[in-house]
Amino acid sequence: MLRNPPVKWYTPALCLLFIIMTSRLSAQYDFFLHKTYPEKVAIIDTFYARVIWLSDTAKSLAEMQALIDFGKKHKDRELELEGELMRAYYYTSRRFPGVTEDACMERLKTIAAKGRKEGYLHIEARALRVMAEFSWRWMGNYEQAFDYYLQLNDRIATSTPQEFPNMAEYYYLIGEPYFFFKDYAKTIQFMHKALTIPETAFNWKARWSAYNTLGLCYQRLQQLDSSDFYFHKALNSGFITPQAIQYTIAQGNIAQNYYTKGQYTEAMPLVKADFDNAVLHKDYPLAGNAALLLANIAIKTKNSQAAQQWLQAANININLCERPYEIKPSYYRTTSNWHTLNNDPILAKLYLDSSIIAKDSVDKVLNAVFLARAEQKAYRQKLQAEQEKLSLLNKVKNTQLFTAIVIIFFVLIIAGLIYYTQKKKRLAHQLVTDALLHTKEQELENARLKLQNFTNIISEKNSLIATLTSQEANSQIIEQLQQTAILTEKDWLQFKQAFEKVYPKYIQTVSAMIPGITPSEIRLMVLSKLKLSRVEMANTLGISPQSIKVTWHRLRKKISSDEDIQLEEFANSI
């Protein structure tokens, strides 16, 4: 029935301590300077409370800027970021003309990113908390709020309570939205996380809230024994007194369980104490609910007068609430029951109708919130599906691109290897070809030299014969020289090889063109190809010029019937 009070982690004593300190330090911030977060966490909370809620906006912003400048001046980056975080939080705590929600969120994202990058976990975690609360309270974007709360959960999970004293508080805050949306399993999970943190003077309120919320979860689940267990745990905190509002709330919740179980005698004193303490603390919603519970107990016990008194007390306190419409349905329903007790069915029906109308009005607001979250969840799922699809397409494209690059790479390698191999083969072939060509050229040159040598010998012999003839030498010697063959049968084979290298396939062509050609006729054609005169031919072969003439005559008949054809022309034409 009764929820947790707003969690304020500062106390008047700490505020007073801070004010005294700052006045002594001439409004400077020496106490913050180069301190670890655990060393200054309590004073940071009181500083926020003092500066954020100043009525003068200009003074608040000026003090935040002074803190930033002080951190810069003394090279305390953590303190500088603290000032930036405070200013970002300040802009989310109220509406400023010209400052959009997106601008506030971007400022917080920037600070969270700086905290993460620079290793200040508490800066990032606290920025995420503000982003989640801003998304929830101001933007009405509940799914986005859950996203930031879960990021916060992941972030603080990497730390310890010693490094981050707010850990119990933050686990409790992460679980609260799940309670609002009636996801009690998740709520219980995070409340138990909060309770794993050892209790200290700094975090006891967070742990108390976790115990009380666990009691409420099991109350909603109709597991009243478990609910009582956690409400009593909340009462037994070492830092709570019977006068504290937290004690009153837990006590009232235990009384609600007694009422549900029909144990009105046990419930009555607890609810009365709950009502008295709520009035003392001017907690009007708490007082109004306690008065309604007392009125219902009086109705159950047929005490009409007491019920009327408590209904009047409830009405007074409900009308003092900031949101009386939240409690009005219960008030109208209890009033209807009271009129039923007094046998007034007309007023009972009237108040019952009012209760239904008021409840419908409250339910519409809640249903709108639930519907908004459902739509946001559907949108986020759709967006996530589209992003996953896009990511998958990008992966496929990247895979295809990578595959193509790999294929191209291997194709290039293979092409390079093929090119290199072919080039190597071409080079080897070229070397072989060059070597063969060189050999051929050398052989051709040698053949030419041999032919030239034969030609020189022939010229020398002819010159000798011509000289001897002109000197009227012994005719027997001249005749002997003329009958001596320069080109013997043995020399012919060498001569023929040399000739065929210089004039490839010449002899083969002549043999093909002139069927029945004799070896002597072939020699005649060869010597004629070398442009030797008939006298030189005769001297080369060791026969007379007349024999050359006879041989040519026989050859010409084999070639053609034309008497005008000349040996030299025919030999050169082939």
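The values are calculated or read from the model by the stated rules, or taken from the named source; none is laboratory data. Remember, predicted model here, so these are calculated numbers, not experimental data. Neighbour counts are summed over all protein chains in view; Cβ atoms, including those assigned to glycine, are modelled from backbone coordinates with ideal geometry. Each accessible area value is taken on the protein alone, full model and side chains, heavy atoms only, with ligands, DNA and RNA left out. Shrake-Rupley method; radii C 1.70, N 1.55, O 1.52, S 1.80 Å.
Descriptive notes on the structure:
- Scanning the stretch 512-532 for residues that are surrounded by fewer than 18 Cβ atoms within 10 Å (Cβ to Cβ), in contact (Cβ under 8 Å) with a residue 60 or more places away in the chain and in a loop (DSSP other than H, G, I, E, B) yields no hits at all.
- Which listed residue, of Ala435, Ala374, Ala447, Ala428, is at pLDDT below 80, closer than 30 Å to Tyr178 by Cβ and of a type in the set (A, V, I, L, M): Ala374
- Subset of the stretch 99-121 (residues that are outside any helix (DSSP H, G or I), at negative phi and either acidic (Asp, Glu) or free of Cβ contacts under 8 Å to residues at least 40 places away in the same chain (or both)): Val99, Thr100
- The set of residues in the stretch 320-340 being open to solvent by less than 80 Å² (accessible area, probe 1.4 Å) and within 60 Å of the chain's Cα centre (by Cα) consists of Cys321, Pro324, Ile327, Lys328, Pro329, Ser330, Tyr331, Tyr332, Thr334.
- Inter-residue pairs, beta-carbon under 9 Å, first open to solvent by 70 Å² or more (accessible area, probe 1.4 Å) and in the stretch 540-554, second modelled with pLDDT of 85 or more, 6+ apart: Arg554/Thr518; Arg554/Glu521
- Qualifying residue in the stretch 409-424 (condition: among the polar types (S, T, N, Q) and either under 31 Å from the mean Cα position of the chain (by Cα) or open to solvent by 90 Å² or more (accessible area, probe 1.4 Å) (or both)): no
- Complete set of residues in the stretch 342-387 that are more than 30 Å from Thr301 (Cα to Cα) and of a type in the set (A, V, I, L, M): Val365, Leu366, Ala368, Val369, Leu371, Ala372, Ala374, Ala378, Leu383, Ala385
- Residue identified as touching a residue at least 40 places away in the same chain (Cβ under 8 Å), assigned to a helix (DSSP H, G or I) and either open to solvent by less than 60 Å² (accessible area, probe 1.4 Å) or in contact with a Pro (Cβ under 9 Å, 6 or more places away or on another chain) (or both) among Glu63, Glu82: Glu82
Rundown of residues vs (1) modelled with pLDDT of 80 or more; (2) more than 60 Å from the chain's Cα centre (by Cα); (3) closer than 22 Å to Leu444 by Cβ, yes/no style:
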residue	(1), (2), (3)
Ala498	no, yes, yes
Gln508	yes, yes, yes
Ala512	yes, yes, no
Ser520	yes, yes, no
Arg523	yes, yes, yes
Arg534	yes, yes, no
Thr551	yes, yes, no
Ile565	no, yes, no
Glu568	no, yes, no
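- Filtered by the rule that a residue be aromatic (Phe, Trp, Tyr) and open to solvent by less than 70 Å² (accessible area, probe 1.4 Å), the stretch 223-244 gives Tyr230, Phe231.
- Restricting attention to the stretch 204-222, the residues that are out of contact with any helix residue (DSSP H, G or I) (no Cβ under 8 Å at 6 or more places or on another chain) and either open to solvent by 40 Å² or more (accessible area, probe 1.4 Å) or within 17 Å of Tyr259 (Cα to Cα) (or both) add up to 1.
- Residues that are outside any helix (DSSP H, G or I) and under 13 Å from Gly252 (Cβ atoms) were ranked within the stretch 268-309; the one that is most open to solvent (accessible area, probe 1.4 Å) is His281.
- Yes/no for Asn343 being part of a helix (DSSP H, G or I), open to solvent by 60 Å² or more (accessible area, probe 1.4 Å) and either more than 25 Å from Gly140 (Cβ to Cβ) or of a type in the set (Lys, Arg) (or both): no
Quick grid of which residues meet (1) of a type in the set (Ser, Thr, Tyr); (2) within 30 Å of Tyr178 (Cβ to Cβ):
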position: Ile318; (1), (2): no, yes
position: Glu322; (1), (2): no, yes
position: Asn337; (1), (2): no, no
position: Tyr351; (1), (2): yes, no
position: Leu366; (1), (2): no, yes
position: Phe370; (1), (2): no, yes
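- Test: Glu124 is in contact with a Gly (Cβ under 9 Å, 6 or more places away or on another chain), open to solvent by less than 20 Å² (accessible area, probe 1.4 Å), of a type outside the set (A, V, I, L, M, F, W, C) and in a helix (DSSP H, G or I): yes
- Yes/no for Ile574 being of a type outside the set (Lys, Arg) and modelled with pLDDT under 80: yes
- Val99 open to solvent by less than 70 Å² (accessible area, probe 1.4 Å) and at pLDDT below 95: yes
- Looking across the stretch 555-567, the residues that are assigned to a helix (DSSP H, G or I) and either in contact with a Leu (Cβ under 6 Å, 6 or more places away or on another chain) or exposed (fewer than 14 other Cβ atoms within 10 Å of the Cβ) (or both) come down to Lys557, Lys558.
- The stretch 410-465: number of residues that are more than 30 Å from Ser533 (Cβ to Cβ) and of a type in the set (A, V, I, L, M): 14
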